[in-house]
């Protein structure tokens with residue numbers, strides 16, 4: 001896989017996520033924080049992983065995959081993207097990926113948490129609202145603590 005192929009997949013996920021976000025929120029100009037590519041099988045996971053290793057360094061290791069800080073950010077319609085995760089294949093996640101956007105989380109939560117498309121996800125040291133729609137092959141997250149801040153990667 002070439003770098004441009006990975007960049008095309010990242011931009012596909014970002015563009016679909018922007019459409020999803022804009023369908024259900026009025027937050028049309030908030031910047032991107034993070035993108036996650038959901039590998040569809042082991043072969044794809046290996047190909048994405050090998051490609052992204054050439055483009056940045058690992059800044060987070062989770063049970064579902066590695067997050068990389070890119071040496072050169074990817075230009076997207078939602079801003080410059082510095083953090084990308086390659087997620088291991090998961091039979092429960094058929095989506096192509098997800099994107100985190102930065103926002104004023106406390107105000108955002110008050111406005112959207114009771115909407116049917118949003119799910120509150122509570123983690124050990126943060127929470128987020130996840131937006132999904134079965135007509136979209138991506139999801140969107142809004143986190144109480146931006147990943148770059150949690151990883152000290154601003």
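Which of the residues belonging to region 12-24 are buried (at least 17 other Cβ atoms within 10 Å of the Cβ), closer than 10 Å to residue 78 by Cβ and within 12 Å of the chain's Cα centre (by Cα)?
Within region 12-24, 14, 17, 18 meet the criteria.
Any residue in region 133-154 that is at positive phi and in contact (Cβ under 8 Å) with a residue 60 or more places away in the chain sitting within a Cβ distance under 8 Å of a residue that is in a loop (DSSP other than H, G, I, E, B) and surrounded by 15 or more Cβ atoms within 10 Å (Cβ to Cβ)? List the pairs, counting only those 6 or more apart or interchain.
none
Given the conditions (1) under 12 Å from residue 100 (Cα atoms); (2) surrounded by fewer than 17 Cβ atoms within 10 Å (Cβ to Cβ); (3) at pLDDT 95 or above, and given that residue 145 satisfies all but one, which numbered condition is not satisfied?
Here residue 145 clears every test but (3).
Specify the residue that is nearest to residue 103 (Cα to Cα); the eligible residues are those in region 67-89 that are surrounded by fewer than 20 Cβ atoms within 10 Å (Cβ to Cβ) and out of contact with any helix residue (DSSP H, G or I) (no Cβ under 7 Å at 6 or more places or on another chain).
Looking at the filtered set, the residue picked out is 79.
Go through region 25-46 and report how many residues are surrounded by fewer than 17 Cβ atoms within 10 Å (Cβ to Cβ) and more than 19 Å from residue 80 (Cβ to Cβ).
7
I'm told residue 122 meets every condition in (1) farther than 28 Å from residue 8 by Cβ; (2) in contact (Cβ under 8 Å) with a residue 12 or more places away in the chain; (3) surrounded by fewer than 17 Cβ atoms within 10 Å (Cβ to Cβ) except one. Can you identify the failing condition by its number?
(2)
Which one is modelled with the highest pLDDT among residues in region 90-107 that are surrounded by 12 or more Cβ atoms within 10 Å (Cβ to Cβ) and more than 16 Å from residue 142 (Cα to Cα)?
In this case the residue turns out to be 96.
The values are calculated or read from the model by the stated rules, or taken from the named source; none is laboratory data. Bear in mind the structure is a predicted one, so any value in this text is a computation, not a measurement. So basically every Cβ, Gly included, is an ideal-geometry build from the backbone, and we count neighbours across all protein chains shown.
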